[in-house]
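To start, the structure under review is shown below, and the notes come after it.
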Amino acid sequence: MEIIRTPAEMTAWANRVLAARQTIGLVPTMGFFHEGHLCLMRKAKEKAERTVVSLFVNPLQFGINEDLGRYPRDFSRDCQRAQAEGMDILFAPEVQAMYLPKSSTKVEVAGLTDGLCGESRPGHFVGVTTVVAKLFNIIKPHYAVFGRKDFQQLAVIERMVADLNWDVEIIGHPIVREADGLAMSSRNTYLSARERQTALCLFQAIAHARKRVQAGLVAANILQREIEELLRQEAVTIEYVSLVDQATLQPQDVLQKSTVLAMAIKVGATRLIDNANLFET
Ligand code: AMP
């Protein structure tokens, strides 16, 4: 596996691959790899002949009071893991190489970014779409794999790609969970043993919601109240509990096949998100 540090070298590699008529698969990440990231890499390898995993802790998508400064990093372990998955390239640019001093262009998807995480993290999605647009232009992938863990992000990127006529196939990967149900996340490393236990309430909420739906419940407001009550019994702060359509992200009154339960909570100082389509098992 080759480590590339600059956009220019990355694009030179991509151009060589394209000239050889090979396909490129990209997995954009912020590093500190866990099994979730590795599954995305495997998916990219399944789809494309050559694969790139990008590792960039993107300052543009962090709010001023967020965890940019302490975001977990372990570059040498990430290199080992990406190499073990057979990635061709680890693209890990410096911030200064990605955002030149004069840079003044941003990519913004309207509407889909208003609610859910967009409401509690103003500016976050502009940061995400701007960096993903740059990565697409630098790496020229045919396929890009994103996790459903960040399901709003996936919807926003699909919108961006459609709106800007990007010739890249966006692949959504199911959420990868720990054995006890906690969705894997680099941020789980912030949790104390006790908080880690408390965080399981997200998966318990999903299990409860699925059970209620299987029993025939259709009223979203009833389910929302029950979930909020369940979460309130734990030492967490609820940011949102929403039942939304998985494509439009609009709240739904009636639970149906397209309904996703989306939640964001804080456990101590750690912000966690989780979601599930309630009709898929
Ligand atoms: P991150 O490094 O946290 O920005 O995540 C990079 C990519 O991995 C994003 O597309 C995430 O949605 C995805 N991802 C992170 N955690 C998981 C998980 N537990 N299951 C599936 N995908 C994940």
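Values quoted throughout were computed directly from the atomic coordinates according to the rules given, and no laboratory measurement underlies them. All of these numbers come straight from a predicted model, not from anything done at the bench. Positions of Cβ are generated from backbone atoms using ideal geometry, with glycine treated the same way; all protein chains shown enter the neighbour counts.
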Under a Cβ-Cβ cut-off of 12 Å, what is the net charge of the residues other than R81 that fall near it, where Lys and Arg count +1 and Asp and Glu count -1? -2
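Using the Cα centre of region 45-144 as the reference point, and only Cβ charges (+1 on K/R, -1 on D/E), how large is the resulting charge dipole? Debye, rounded to the nearest 20. The partial results should precede the final answer.
Numbers: 12 positive and 12 negative charges, 49 e Å.
The calculated dipole for region 45-144 is roughly 240 debye.
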With the dipole of the chain worked out from charges on the C-beta (+1 for Lys and Arg, -1 for Asp and Glu) around the Cα centre, which of Q152, P101, I4 lies farthest toward the positive end? I4
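For region 186-274, which semi-axes, largest first and in whole Å, follow from the square roots of 5 times the eigenvalues of its Cα gyration tensor? If you can, show how the numbers build up before the last one.
Working: eigenvalues 120, 36, 22 Å².
Ellipsoid half-lengths, sorted descending, are 24, 14, 10 Å.
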So how strong a dipole does region 2-173 carry about its Cα centre when Lys and Arg Cβ are +1 and Asp and Glu Cβ are -1, to the nearest 20 debye? 280
Compute the longest continuous run of the chain that contains no exposed trypsin sites (Lys or Arg not before Pro); treat a site as exposed when its DSSP state is not H, G, I, E or B and it has at most 15 other Cβ atoms within 10 Å. 107-256
Using only the Cα atoms of region 124-197, construct the convex hull and provide its projected area averaged over every direction, in square nanometres to one decimal. 5.9
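Once you've got the Cα coordinates, tell me which of K140/K266; K149/K211; K47/K134; K43/K140 are over 27 Å apart.
Cα-Cα > 27 Å for K140/K266; rest within.
Please work out the ratio of the alpha-carbon Rg of the chain to 2.2 N^0.38 Å and round it to two decimals.
Normalised Rg, Cα atoms only: 1.02.
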Can you find, among I170, P122, I206, the residue sitting farthest towards the positive end of the charge dipole of region 121-238, where Lys and Arg contribute +1 and Asp and Glu -1 at Cβ? I206
